[in-house]
Amino acid sequence: MNTIIKDAKERMDKSLNALRNELAKIRTGKATTALLDSIKVEYYGNQVPLNQVSNVSVLDAHTLSITPWEKQMVAIIEKAILESNMGLNPVSDGTNLKIPIPPLTEERRKELVKVVKNFGEESKIAIRNIRRDANEHLKREEKEKKLSEDQFLDAEDEVQKLTDEHTKLVDEILKHKEDEIMEV
C-alpha cells in the first residue's frame with residue numbers, strides 16, 4: 001500500500017517538475033538563461049545544448065550574454081538563435097553575443113497566458129491519470145486480499161489528498177507564471 005502511494009507521489013512530483021521546466025522556457029519579457037535551454041548548436045558534427053559550448057548569463061533584466069568557449073562558435077551560436085524562431089536577435093562583438101529581450105505586446109502576453117493554462121491543464125490531467133492508476137493498483141491489492149477494506153479506503157483517501165495537493169500546486173505555479181507574463 002505504501003509503495004503504491006509513494007510511487008504516485010513521485011510521479012505527481014515529476015509532473016510538477018515537467019510543468020516548471022516547460023514554463024521556464026516561456027519568454028516573459030525578462031531575461032532568463034532558461035530561455036535558451038532548448039537551443040542546440042552544431043559542435044564537431046554533434047547537436048549539443050548551448051550551455052555545453054558557452055557560458056550563458058543574465059546581464060540585466062532585459063539582456064542575456066553568451067560567451068562561447070571557442071571563438072569560432074560565435075557565428076554558429078548566433079545562427080542557431082536566429083533559427084530558433086524565438087524572436088531573439090543576438091548582437092555579436094566578435095567574441096561574445098548579447099541578446100536583448102524585447103518587451104512583449106499585450107496581445108502576445110494574452111497568447112502566452114493561454115499557452116501556460118494549456119500546460120497547466122495537461123499537468124492536471126497527468127496527475128488525475130496517476131491517481132486513477134494508483135486507485136486501480138489499490139483495488140487489485142484489495143481483491144487479492146492483500147489489503148482490508150479499511151486499509152483500501154484509507155489508502156484511497158491518501159491518494160486523493162496527494163492529488164488535491166498537487167492540483168493546488170499546479171494552480172499556484174500557473175498563477176505565478178501568469179502574473180509574471182502580464183507584468184509590464
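Values as computed for the structure displayed
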quantity: Flag if residue 173 is in the same structural domain as residue 13 (by TED's automatic domain parsing), surrounded by 15 or more Cβ atoms within 10 Å (Cβ to Cβ) and under 30 Å from residue 55 (Cβ atoms); calculated: yes
quantity: Some residue of the range 7-29 being modelled with pLDDT under 90 and among the hydroxyl-bearing types (Ser, Thr, Tyr); calculated: yes
quantity: Out of 60, 37, sole residue that is of a type in the set (Asp, Glu), surrounded by 13 or more Cβ atoms within 10 Å (Cβ to Cβ), at pLDDT below 90 and under 28 Å from residue 181 (Cα atoms); calculated: 37
quantity: Tally of residues being of a type outside the set (A, V, I, L, M) and either buried (at least 18 other Cβ atoms within 10 Å of the Cβ) or in contact with a Leu (Cβ under 6 Å, 6 or more places away or on another chain) (or both) across the range 80-108; calculated: 1
quantity: Single match in 82, 36 (criterion: of a type in the set (A, V, I, L, M, F, W, C) and in contact (Cβ under 8 Å) with a residue 12 or more places away in the chain); calculated: 36
quantity: Residue in the range 59-66 that is of a type in the set (D, E, K, R), within 23 Å of the chain's Cα centre (by Cα) and within 15 Å of residue 39 (Cβ to Cβ) present; calculated: no
quantity: The range 113-146, residues that are over 20 Å from residue 15 (Cβ atoms) and in contact with a Leu (Cβ under 7 Å, 6 or more places away or on another chain); calculated: 141
quantity: Only one of 87, 29 that is closer than 24 Å to residue 110 by Cβ and touching a Pro at 6+ places or on another chain (Cβ under 6 Å); calculated: 29
quantity: Pairs with Cβ under 7 Å, 6+ apart, first in the range 113-133 and modelled with pLDDT of 90 or more, second surrounded by 13 or more Cβ atoms within 10 Å (Cβ to Cβ) and outside any helix (DSSP H, G or I); calculated: 116/26
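The values are calculated or read from the model by the stated rules, or taken from the named source; none is laboratory data. Keep in mind that what you see is a predicted model, and the values were worked out from it rather than measured. Cβ atoms come from the backbone with ideal geometry, glycine included; neighbour counts cover every protein chain shown.
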